[in-house]
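Nothing in this text is a laboratory measurement; each read-out follows from the coordinates by a stated rule. Remember, predicted model here, so these are calculated numbers, not experimental data. Backbone-built Cβ (ideal geometry, glycine too); neighbour counts: all protein chains shown.
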Amino acid sequence: MTFVIITHVPHILSQNQYFAYGPYVREMNIWTKYADCIIIVAPKTYTERTVIDVAYDHHTIKFVAIENFDILNLKSTVKTIFKIPKVSWSIFKAMQEADHIHLRCPGNAGLLGTIIQIAFPKKIKTAKYAGNWDPKSKQPKTYKLQQYILSNTFLTRKMQVLVYGEWKGSSINIKSFFTATYTEADKLPFSKKVIPERINFIFVGALVKGKNPMYAIQLIEALAKKGNNVHLSLYGEGAERKLLESYILKNKLEKNISLEGNHSQETVKKAYQESHFVILPSDSEGWPKAIAEGMFWGCVPLATAVSCVPFMLDYGKRGILVTLDLGNDIRQISDCIFDETIYSTMSIAAEKWSQQFTLNLFEQKINRLMAN
């Protein structure tokens, strides 16, 4: 079987192997396990690979490099107009060779892929929509267009679309799904976490405006000012790093907050195990892996009510839905910190729920999709 992947994720060629963002590649290695050949249509980057980049685990890979494009401003829009024909042709040619077409959405390559796949109604297709599927959410027009096409069963023949959460009125090809990081073997006996002398918080994700790392820092700052012994570790890199560093120094928060940068999966796993709360006050998410990962190790999640997050947190029973109102959120967190019963109940509930979603189950679900 020839398995074709259309994705916007940048790829790096190093030592005759293709590397990309770790969580994405680990998932794709499950999808491609039983393929004879995989064709990857994606942008190629010449940056140095980092500790969070992982290689594909497959013996036969054909890589089709496409140019990155966007419509963020007039200049990039004009450039995109000239790039689209060549990129579209590359996607079309790859789809001609495919036995199974797999689209990664939302994204620019995914948008072209959703349009071009209409020309292949007889080919088996899957699409993974990794963003917020909520039809009522405010999203870019290009995302809405992808959602419209993917939901249209006439335009998406033989396609199953995997989304996060369950949404009323969805077409029959829309399947509620999940993602996973850990295996059954990773599970430890359920243990009761207690609030110690120092309370550890963890943020895992890109340091970009959309994930609101500054708000996470301000939460810890406010808790520290109230006399709480708290510490926040932020794992990740991004455009906001210098701004965050400046804020930490200006407000003398070095004892309470540390910017850890990018680290291996094993290092982050240990940090989750040593933390009591996992924070992600994001503006938009699909299935926030950082929240699910923290919950797997008994961290009480603090997250905004976007996408399927309310479902993940059982509407406040296994975590705190933050509102981005500092006073209100501090009250909610303080109630949890100062009541051992509330904290331990949430922690155990979070752990039990997240440990249902292992890589073992994920692979079983993928195998069923591939068999259809």
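Count the net charge of all other residues whose Cβ sits under 15 Å from the Cβ of I30, scoring Lys and Arg as +1 and Asp and Glu as -1.
Residues close to I30 contribute a combined charge of +3.
Largest first and in whole Å, what are the equivalent-ellipsoid semi-axes of the stretch 185-354 based on the Cα gyration tensor, each being the root of 5 times an eigenvalue?
Equivalent ellipsoid semi-axes, largest first: 22, 18, 16 Å.
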*How high is the relative contact order of the stretch 111-253, in percent, counting Cα pairs under 8 Å that sit 6 or more residues apart?*
18 percent
*Label-to-label distance, nm, for residues given as K269 and K175 (7 Å Cα→Cβ offset)*: 2.7 nm
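Sort R104, R368 so that the residue with the fewest other Cβ atoms within 10 Å of its own Cβ comes first and the one with the most comes last.
On the way: R104 21, R368 9.
With the sparsest Cβ surroundings first, the list reads R368, R104.
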*asked:* Over the chain, what is the relative contact order in percent, taking alpha-carbon pairs closer than 8 angstrom and at least six residues apart?
replied: 14 percent
*In Å, the Kirkwood hydrodynamic radius of the stretch 15-98 over pairs of distinct alpha carbons?*
14.5 Å
*Over every pair of different alpha-carbon atoms in the chain, take the mean of 1/r and invert it; report that Kirkwood radius in Å.*
21.8 Å
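Under the rule of -39500 (n - 2.57) per DSSP H run of 4 or more residues, summed and divided by the residues of the chain, what mean residue ellipticity at 222 nm is obtained, to the nearest 500 deg cm²/dmol?
Helix contribution divided over all residues of the chain: -11500 deg cm²/dmol.
For the stretch 185-354, what does the relative contact order come out to in percent, with C-alpha contacts under 8 Å and a separation of six or more?
25 percent
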*Mind sorting W353, W167, W287 by how few other Cβ atoms lie within 10 Å of their own Cβ, fewest first?*
W167, W353, W287
*When all C-alpha to C-alpha distances in the stretch 282-347 are sorted into bins of 5 Å, what percent of pairs does each bin hold, rounded to whole numbers?*
4, 19, 29, 26, 17, 4, 0
*Put a dot 7 Å past each Cα toward the Cβ at S334 and K168; how far apart are the dots in nm?*
3.7 nm
*For M28, M370, what's the fewest-to-most ordering of other Cβ within 10 Å of each Cβ?*
M370, M28
*asked:* Among Y182, Y343, T267, which residue has its Cα furthest toward the positive end of the charge dipole of the chain, with +1 on Lys/Arg Cβ and -1 on Asp/Glu Cβ?
replied: Y182
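Tally Lys and Arg at +1 and Asp and Glu at -1 over the other residues with C-beta under 11 Å from the C-beta of T2: what net charge comes out? Walk me through the numbers before you get to the answer.
On the way: positive: K62, K123; negative: D36, E97, D99.
Counting the neighbours of T2, the net charge comes to -1.
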*Helix 241-250 versus the longest principal axis of the chain: what angle, 0 to 90°, nearest 10, using Cα atoms?*
10 degrees
*Hey, what D do you get for the stretch 206-255 in µm²/s if you plug the Kirkwood alpha-carbon radius into Stokes-Einstein at 10 °C and 1.306 mPa s?*
142 µm²/s
